[in-house]
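Comments concern the structure below.
The values are calculated or read from the model by the stated rules, or taken from the named source; none is laboratory data. Predicted, not measured: the structure shown is a model, and the values here were computed from it. Note: ideal-geometry Cβ built from the backbone for every residue, glycine included; neighbour counts use all protein chains shown.
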Amino acid sequence: MTPRFPDAPRRLAHLPRDRRGFPVPWFVSWGAGEPRFPVVDAAKLSLAWNEERCWVCGDRLGALRGWVVGPMSVIEGATPEPPSHYECAAFSVSACPHLSTADARFSGQYADAADCVAQPNISKQGSAVTAIWITKGRGATPFQAGAGTLFGLAEPTRLEWYAAGRRASGGEVQEAIALALPKLRTAAQAEGRGAEFERRLTWLDRWAPQA
Ligand SMILES: [Zn+2]
């Protein structure tokens with residue numbers, strides 16, 4: 001039988017596969033011998049950041065890091081998840097059903113499991129568009145946000161946009177941003193950082209391809 005994803009990066013070869021043949025990312029929590037997609041193993045979150053390990057494969061990171069982020073994270077410049085090797089991030093955005101499918105929904109079935117991170121800062125807003133925010137070195141500063149931690153992203157060296165497992169068109173990127181915008185703008189204005197938010201959108205013009 002031909003293994004699924006024969007062109008997966010070699011770094012992922014050691015990861016266990018689930019019943020469908022998907023490599024199970026390092027961050028996923030396990031219960032009763034089964035991976036609990038997409039629930040994050042709480043201990044891995046600090047381990048990944050403190051030991052500079054790849055969120056997807058668990059190995060040590062090099063200088064180049066890829067942060068897999070949705071449009072909301074790009075607009076806000078903050079994400080709840082640590083970075084990965086660029087090639088692990090690139091594989092994830094093309095192969096992971098949660099990232100490459102617009103209608104994928106986060107499962108709530110493990111929300112009560114004791115060893116799971118509740119991930120208070122993850123948006124449930126489904127988006128067909130995902131980005132890889134590429135940095136060199138640490139690339140972010142963690143900060144407390146409500147009940148969870150967010151990573152405040154440093155200026156990217158590159159920002160790549162994907163949709164349905166391939167590079168996104170300018171139209172798709174603009175549409176995803178437009179969808180995420182109103183809620184974030186309202187929140188920013190309510191928190192008294194409306195002007196800062198508008199400056200942020202001007203910054204984004206440089207990084208988001210036009211239609
Ligand atoms: Zn990796």
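Any idea which residue in region 16-39 is farthest from the ligand (Cβ to nearest atom), counting only those that are within 24 Å of TRP133 (Cα to Cα) and not in a loop (DSSP other than H, G, I, E, B)?
VAL39
Taking region 161-174 on its own, how many of its residues are buried (at least 16 other Cβ atoms within 10 Å of the Cβ) and within 10 Å of PRO209 (Cβ to Cβ)?
Within region 161-174, residues that are buried (at least 16 other Cβ atoms within 10 Å of the Cβ) and within 10 Å of PRO209 (Cβ to Cβ) number 5.
Could you please find all residues in region 96-123 being surrounded by 15 or more Cβ atoms within 10 Å (Cβ to Cβ), farther than 14 Å from VAL28 by Cβ and at pLDDT 55 or above?
Passing the criteria: only SER100.
Looking at HIS85 and the list (1) surrounded by fewer than 19 Cβ atoms within 10 Å (Cβ to Cβ); (2) closer than 30 Å to GLU175 by Cβ; (3) touching a Pro at 6+ places or on another chain (Cβ under 8 Å), which single condition is not satisfied?
Against the list (1) surrounded by fewer than 19 Cβ atoms within 10 Å (Cβ to Cβ); (2) closer than 30 Å to GLU175 by Cβ; (3) touching a Pro at 6+ places or on another chain (Cβ under 8 Å), HIS85 comes up short only on (1).
Can you run down the residue pairs with Cβ atoms below 6 Å, 6 or more apart or on separate chains, where the first is in region 192-204 and within 19 Å of ALA154 (Cβ to Cβ) and free of Cβ contacts under 8 Å to residues at least 40 places away in the same chain and the partner is of a type in the set (A, V, I, L, M) and surrounded by 14 or more Cβ atoms within 10 Å (Cβ to Cβ)?
PHE197/ALA188
Could you tell me whether any residue of region 135-145 is of a type in the set (Val, Ile, Thr), in contact with a strand residue (DSSP E or B) (Cβ under 7 Å, 6 or more places away or on another chain) and under 17 Å from CYS88 (Cβ atoms)?
For region 135-145, residues of a type in the set (Val, Ile, Thr), in contact with a strand residue (DSSP E or B) (Cβ under 7 Å, 6 or more places away or on another chain) and under 17 Å from CYS88 (Cβ atoms): present.
Look at ALA180 and say whether it is assigned to a loop (DSSP other than H, G, I, E, B) and within 22 Å of VAL129 (Cα to Cα).
The answer is no for ALA180.
Being near the ligand (Cβ under 10 Å from one of its atoms) and over 10 Å from SER84 (Cβ atoms) is the filter here; which residues of region 40-57 pass it?
Matches in region 40-57: none.
Within region 180-190, which residues are of a type in the set (A, V, I, L, M, F, W, C) and exposed (fewer than 14 other Cβ atoms within 10 Å of the Cβ)?
ALA187, ALA190
Among (1) surrounded by 15 or more Cβ atoms within 10 Å (Cβ to Cβ); (2) more than 14 Å from MET72 (Cα to Cα), there is one condition ILE177 misses while meeting the rest; what is its number?
(2)
Quick check on my filter: what residues within region 70-86 are at pLDDT below 95 and within 16 Å of the ligand (Cβ to nearest atom)?
Within region 70-86, just GLU81 meets the criteria.
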